[in-house]
Amino acid sequence: MTIRGVLFDVDDTLFDYTSSEQAGLLGHLTAEGLLGLFPSPADAVTVWREIMEEEYTRYLTGELTFAGQQLTRTRRFLSHLGRLPVGGLSDEEADLWFGRYRELRNAVWEAFPDADPVLRRLAPRFRLGVVSNSSLAYQQGKLRAIGLLDHFGEAIVCAVEHGAPKPDAGIFLAGCATLGLPADQVAYVGDKYDIDAVGALEAGLRSYWLDRAATGITPLDGITVIRSLDELVPALIGPELP
């Protein structure tokens, strides 16, 4: 079946979330005088990311609000360091602490260099959209900030509004519906193997796993591995495209 549409993940697929998170966190911890409490900067990032993933999952399942997961992450992180005050942090104090990190992180938001050129090459031939484990307003704002929003128009489906996150098949199919195409005519491109690549495959889409780190994982049959978005163009339409 001919592919007529392409859906994309956002974070660490089109948008370099990991780099902005790391830069923002290390800058924040340096300013707060906390970075030296870790054996290395990498250890600080690992602890921050582990807490983030746990609490963000609670947000996606409806257990916490978006702001609530940020406050909880702040308290857990400071508790890990032994720097949570005896009486705890008020919501206002936790929000101010997280906000100082957020300002530094957002200041270095960038799309991957291959994102905009590839989207421009694909746009004349394919309907383009987004399926993301986030909220619509947040991802629209992010895509606007990094200059990619106009590529997708209204074809953006996010887990918070949809009601279930990836790898639930329904959110992939909802993305296909925004393109007006059946699943077998839609490719999905994402960086997370289980959530994106396997999830899309099981939902009936053509799955492309963006393995920028070259992890060496052997994918399931039906999953095409690409190392950059540049490889997506020949994978979809052949090497003859100028």
Helix 17-32 against the longest principal axis of the chain: what's the angle in degrees, Cα atoms only, rounded to the nearest 10?
10
Normalise the Cα radius of gyration of the chain by 2.2 N^0.38 Å (N = residues in it) and let me know the number.
1.07
Considering only the chain, what is the antiparallel percent among its DSSP beta bridges, to the nearest 5?
5
With θ taken as phi - 60° and the coefficients 6.51, -1.76 and 1.60, list the Karplus ³J(HN,Hα) couplings across region 55-62 in order, rounded to whole Hz; mark glycine and proline as x.
6, 5, 4, 5, 5, 5, 8, x
Restrict the search to region 20-108; then list the GluC sites (Glu not before Pro) that DSSP places in a loop and that have at most 14 other Cβ atoms within 10 Å of their Cβ.
E63
The correct ranking of I171, I3 by accessible area at 1.4 Å, largest first, is I3, I171
Relative intensity, log₁₀ I(q)/I(0), of region 1-98 from a Debye sum that treats every alpha carbon as a point, q = 0.10, 0.17, 0.24 Å⁻¹
-0.34, -0.84, -1.42
Working from Cα positions, state the angle (0 to 90°, nearest 10) between the long axis of helix 169-179 and the longest principal axis of the chain.
60
Amide H contacts under 5 Å for R206, placed H, 5+ residues apart:
V186, A187, Y188
Residue-wise, which Karplus ³J(HN,Hα) couplings in Hz belong to region 8-14, taking 6.51 cos²θ - 1.76 cosθ + 1.60, θ = phi - 60°, and x for glycine or proline?
10, 6, 9, 5, 6, 10, 9
Residues meeting the amide H criterion for V130 (H placed from the backbone, H to H distance under 5 Å, 5 or more places apart or on another chain) are F8, I156, V157
Find the all-direction average of the projected area of the Cα convex hull for region 106-242, expressing the result in square nanometres with one decimal place.
8.4
Contact order normalised by length for region 1-142, with contacts defined as Cα pairs under 8 Å and 6 or more residues apart; what percent is it?
47
In degrees between 0 and 90, to the nearest 10, how far off the longest principal axis of the chain does helix 66-80 point, with axes built from Cα atoms?
50
Treating the Cα atoms of region 36-156 as identical point scatterers in vacuum, please give the log10 of the normalised Debye intensity I(q)/I(0) at q = 0.13, 0.14 Å⁻¹, two decimals.
-0.68, -0.76
I want the local charge near P167. Using Cβ-Cβ distances under 12 Å, sum +1 for each Lys or Arg and -1 for each Asp or Glu among the other residues.
-3
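The values are calculated or read from the model by the stated rules, or taken from the named source; none is laboratory data. These numbers come from a predicted model, not from an experiment. Reconstructed Cβ throughout: ideal geometry from the backbone, glycine too, with neighbour counts over all protein chains shown. Surface areas here come from the heavy atoms of the whole protein model, side chains and all, with no ligands, DNA or RNA. Shrake-Rupley method; radii C 1.70, N 1.55, O 1.52, S 1.80 Å.
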